[in-house]
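Below is one structure; the comments refer to it alone.
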Amino acid sequence: MLLVHSIKELIGIEEDGRLILRGSAMPEVRSITDAFLLIEGDRIADYGKMTAKRYHELKLRIPETDQIDATGRLVLPAFCDSHTHLVYPATREIEYVDKIKGLSYEEIAKRGGGILNSAKRMQEITEDELFDQAVSRLDEIVKMGTGAVEIKSGYGLTTESELKMLRVIRRLKESSALQIKASFLGAHAVPLEYRGKQTEYVDLVINEMIPMVAAEELADYIDVFCDKGFFTVEDTDRILNAGMKYGLKPKIHANELDYSGGIQVGVKYDALSVDHLEYTGDAEIEALLNSDTIPTILPGAAFFLNMPYAPARKMIDAGLPLAMASDFNPGSSPSGNMQLILSMASILYRLTPEEGLNACCLNGAYAMGISEDTGSITKGKLANLIITEKMDNLAYMPYYYGVNKVFKTILNGKLQ
Ligand code: NIG
Ligand code: FE
């Protein structure tokens with residue numbers, strides 16, 4: 001048992017069983033001031049006011065060493081980062097300089113840079129090296145308050161390398177305290193050898209990669225980069241159809257570079273989420289309104305690439321739910337810091353701190369298919385929590401940006 005007491009404010013309580021917050025429910029964040037929280041095993045067992053009678057009984061019964069004094073601190077649900085590519089072989093800061101000098105993301109991609117650059121390095125790296133690098137990235141994001149993370153393949157682009165990436169993700173699942181979901185993203189870019197033969201590459205993804213990924217049960221979800229210069233709606237249609245035959249639910253990259261039709265094809269295949277969404281208009285919002293698919297915005301990528309920002313306010317005001325994720329990857333978002341995403345949610349997308357928190361916690365959990373188990377302060381859910389540095393209120397989290405404001409992260413009931 002672990003007793004966290006004297007909490008200035010316990011924030012993000014959900015006891016109505018809601019697994020997603022849509023539209024006007026997005027700003028709803030329940031909290032208790034001057035609170036305690038009890039953890040039994042890996043779960044949240046109880047919480048309440050410090051004045052409650054049962055708190056005093058607990059305080060006497062539980063050994064001092066199993067108590068945490070959170071005086072002056074907030075306790076929040078740990079972040080659920082529903083979109084990352086954090087298994088990668090090398091950073092790409094040289095391209096970053098090219099971008100500063102004026103080359104666009106698409107121009108860099110056309111020259112064999114970008115995703116293809118990572119794919120080349122992926123062939124050369126050993127599985128162990130790849131694993132070790134990813135472990136240190138996971139350690140880094142845990143310190144910044146992340147408790148659950150989705151990780152994609154997609155820097156392999158050959159059957160062998162895609163499987164290598166997914167096997168690394170499986171090892172991470174087995175060895176990490178984080179909750180991890182894996183997405184197969186064979187259709188992330190067309191490899192150089194298939195230039196001008198895109199359909200043949202899509203055939204390879206469908207006929208060889210998907211069956212092997214499924215046979216080893218290496219992925220929870222299937223992803224496609226459905227956008228201008230990458231994969232077409234027709235390619236996406238074929239790949240999602242094939243993935244679904246093996247029980248792989250889609251979670252796709254859509255509408256980052258154009259009104260690509262990606263959102264609509266995602267909705268058609270009942271995708272769990274459609275992600276990026278810089279190019280979202282009325283037709284896309286309409287399609288999403290009639291679906292269970294959660295739109296997911298990746299502020300880090302739009303910021304880093306100097307792209308237009310997705311119309312987050314308009315989407316929420318239209319009644320949509322919204323998740324936000326880091327997109328942690330070496331090309332377009334080299335940061336897995338969800339506190340920064342919270343700040344961007346407010347500064348760049350005009351979300352209130354409460355809406356931002358819901359986008360990064362409960363709705364992020366929904367976008368990973370795990371909101372029954374995490375994403376809020378709920379009795380019976382996993383004790384995945386953040387104890388913040390001393391601060392007065394939730395608004396300080398996005399406001400005081402650029403430094404780590406997490407004092408401790410608790411995952412599965414254990415201090416990390
Ligand atoms: O989510 N948009 C596509 N894929 C990644 C970029 C990966 C890369 O450039 O390495 C993204 O931003
Ligand atoms: Fe991505």
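The values are calculated or read from the model by the stated rules, or taken from the named source; none is laboratory data. Here the structure is a predicted model, which means the values were calculated and not measured. Cβ sites come from the backbone with ideal geometry, for glycine too, and all protein chains shown count toward neighbours. Surface accessibility is based on the protein's heavy atoms, side chains included, excluding ligands, DNA and RNA. Shrake-Rupley method; radii C 1.70, N 1.55, O 1.52, S 1.80 Å.
Those residues that are in contact with a Pro (Cβ under 7 Å, 6 or more places away or on another chain) and either at positive phi or not in a loop (DSSP other than H, G, I, E, B) (or both), I need them from the range 360-377; list them, please.
Within the range 360-377, ASN363, GLY375, ILE377 meet the criteria.
Under 7 Å between Cβ atoms, which residue pairs at least 6 apart in sequence (or on different chains) link something in the range 293-314 that is in contact (Cβ under 8 Å) with a residue 60 or more places away in the chain and closer than 25 Å to GLY114 by Cα with a partner that is within 13 Å of ligand 1 (Cβ to nearest atom) and part of a helix (DSSP H, G or I)?
Every condition considered, the pairs that remain are LEU305/TYR105.
Could you go through the range 214-223 and let me know if any residue there is surrounded by fewer than 22 Cβ atoms within 10 Å (Cβ to Cβ), within 16 Å of ligand 1 (Cβ to nearest atom) and either more than 30 Å from VAL403 (Cβ to Cβ) or not assigned by TED's automatic domain parsing to the domain that holds LEU342 (or both).
So far as the range 214-223 goes, no, none of its residues is surrounded by fewer than 22 Cβ atoms within 10 Å (Cβ to Cβ), within 16 Å of ligand 1 (Cβ to nearest atom) and either more than 30 Å from VAL403 (Cβ to Cβ) or not assigned by TED's automatic domain parsing to the domain that holds LEU342 (or both).
Condition first: surrounded by fewer than 21 Cβ atoms within 10 Å (Cβ to Cβ) and touching a strand residue (DSSP E or B) at 6+ places or on another chain (Cβ under 9 Å). Now tell me which residues in the range 159-171 satisfy that.
The answer is THR159, ARG170.
Anything in the range 73-89 that is away from ligand 2 (no atom under 12 Å from the Cβ), assigned to a strand (DSSP E or B) and open to solvent by less than 10 Å² (accessible area, probe 1.4 Å)? List them, or say none.
LEU74, VAL75, LEU76, PRO77, PHE79, CYS80 - these are the residues of the range 73-89 that are away from ligand 2 (no atom under 12 Å from the Cβ), assigned to a strand (DSSP E or B) and open to solvent by less than 10 Å² (accessible area, probe 1.4 Å).
To keep it simple, each residue is scored yes or no on (1) surrounded by 17 or more Cβ atoms within 10 Å (Cβ to Cβ); (2) free of Cβ contacts under 8 Å to residues at least 40 places away in the same chain; (3) of a type in the set (A, V, I, L, M); (4) not in a helix (DSSP H, G or I).
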{"site": "ILE341", "(1), (2), (3), (4)": "yes, no, yes, no"}
{"site": "SER346", "(1), (2), (3), (4)": "yes, no, no, no"}
{"site": "LEU357", "(1), (2), (3), (4)": "yes, no, yes, no"}
{"site": "LYS379", "(1), (2), (3), (4)": "no, no, no, yes"}
{"site": "ILE386", "(1), (2), (3), (4)": "yes, no, yes, yes"}
{"site": "LEU394", "(1), (2), (3), (4)": "yes, no, yes, yes"}
{"site": "TYR401", "(1), (2), (3), (4)": "no, no, no, yes"}
{"site": "LYS408", "(1), (2), (3), (4)": "yes, no, no, yes"}
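Go through the range 311-337 and report how many residues are farther than 29 Å from LEU103 by Cβ and within 16 Å of ligand 1 (Cβ to nearest atom).
Adding up the residues that qualify gives 1.
Assess whether GLY196 counts as being within 16 Å of ligand 1 (Cβ to nearest atom) and surrounded by fewer than 20 Cβ atoms within 10 Å (Cβ to Cβ).
Criteria not met by GLY196.
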